[in-house]
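To keep things clear, I will list the structure first and then write my remarks on it.
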Amino acid sequence: ISDIRYVLNLIKLENPKEITLIVSPKWKFEFFKQVKELLKTTRNIGDILKELMKTDLRQHGTEISKIISKLVEKQPEYILSQEKELKIFTESKSLIEKEFNTPVKLVLAENSKDQKANYAQPSKPAILIV
């Protein structure tokens, strides 16, 4: 809710017509979990990248290399699965709609054609407001 308020303030919009929350793609949840585990033994980004590139996450190497340093600096306290995060947002949807008096759509990043879906991360969905 605070992130939505921040975006509304940023775009100077008081009465949105619709809010869309885009839940992070499934691979990012696995990426975040693996980084959190690797941080128990090293904080060296190069070493972490080497280990990650030995896994199926290699196919996302370009994007991983762009966000790894921020993730090493600060990780979410809890990393859920995509399914659990979507469930939490689904259960909170009516509360968010009531708070902003507008319909809320929930979308998985894999099902979104919007460019902002690329910015969705575990515990930080991409937010689209119209």
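The values are calculated or read from the model by the stated rules, or taken from the named source; none is laboratory data. Here the structure is a predicted model, which means the values were calculated and not measured. For neighbour counting, all protein chains shown are included, and Cβ atoms are generated from backbone atoms with ideal geometry for every residue, glycine included. Protein only, heavy atoms only, side chains kept; ligands, DNA and RNA dropped before computing areas. Shrake-Rupley method; radii C 1.70, N 1.55, O 1.52, S 1.80 Å.
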Open item on the list: Give me the dipole magnitude in Debye, nearest 20, for the stretch 1-117 about the Cα centre, with unit charges on the beta carbon: positive for Lys and Arg, negative for Asp and Glu.
Closed with: 220
Open item on the list: If I stretch the segment between Lys84 and Ile67 completely, what's the gain in nm (0.36 nm per residue apart, minus their alpha carbon distance), one decimal?
Closed with: 3.8 nm
Task: Antiparallel content of DSSP bridges confined to the stretch 8-130, in %, to 5 - done: 50
Task: Across Lys93/Lys113; Lys17/Lys70; Lys70/Lys98, pairs whose alpha-carbon gap is larger than 30 Å - done: Lys17/Lys70; Lys70/Lys98
TODO: Using just the helices of the chain, give the 222 nm mean residue ellipticity in deg cm²/dmol: DSSP H runs with n ≥ 4 each add -39,500 (n - 2.57), and the total is spread over all residues, rounded to 500.
DONE: -15000 deg cm²/dmol
TODO: Evaluate the Debye formula for the stretch 28-91 with equal point scatterers sitting on the alpha carbons, no solvent, and hand back log10 of I(q)/I(0) at q = 0.18, 0.24 Å⁻¹, in q order, two decimals.
DONE: -0.65, -1.03
- [ ] Convert 4 °C to kelvin, take the viscosity as 1.567 mPa s, use the Kirkwood radius over C-alpha pairs of the stretch 62-130 as Rh, and evaluate the Stokes-Einstein diffusion coefficient in µm²/s, rounded to a whole number.
- [x] 95
TODO: Would you please give the FRET efficiency between Lys54 and Val7, computed as 1/(1 + (r/R0)^6) with r the Cβ-Cβ distance and R0 = 41 Å, to the nearest 0.05?
DONE: 0.65
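Under a 1.4 Å probe, what is the accessible area of the stretch 11-62 per residue, stated in Å²?
Heavy-atom SASA per residue in the stretch 11-62 reads 63 Å².
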TODO: Could you quote the convex hull projected area for the chain, Cα atoms only and averaged over all directions, in nm²?
DONE: 8.2
Task: Cβ-Cβ FRET estimate between Ser92 and Asn44, R0 fixed at 35 Å, reported to 0.05 - done: 0.40
Task: Heavy-atom accessible surface of the stretch 65-130: percent carbon and sulfur, 1.4 Å - done: 52
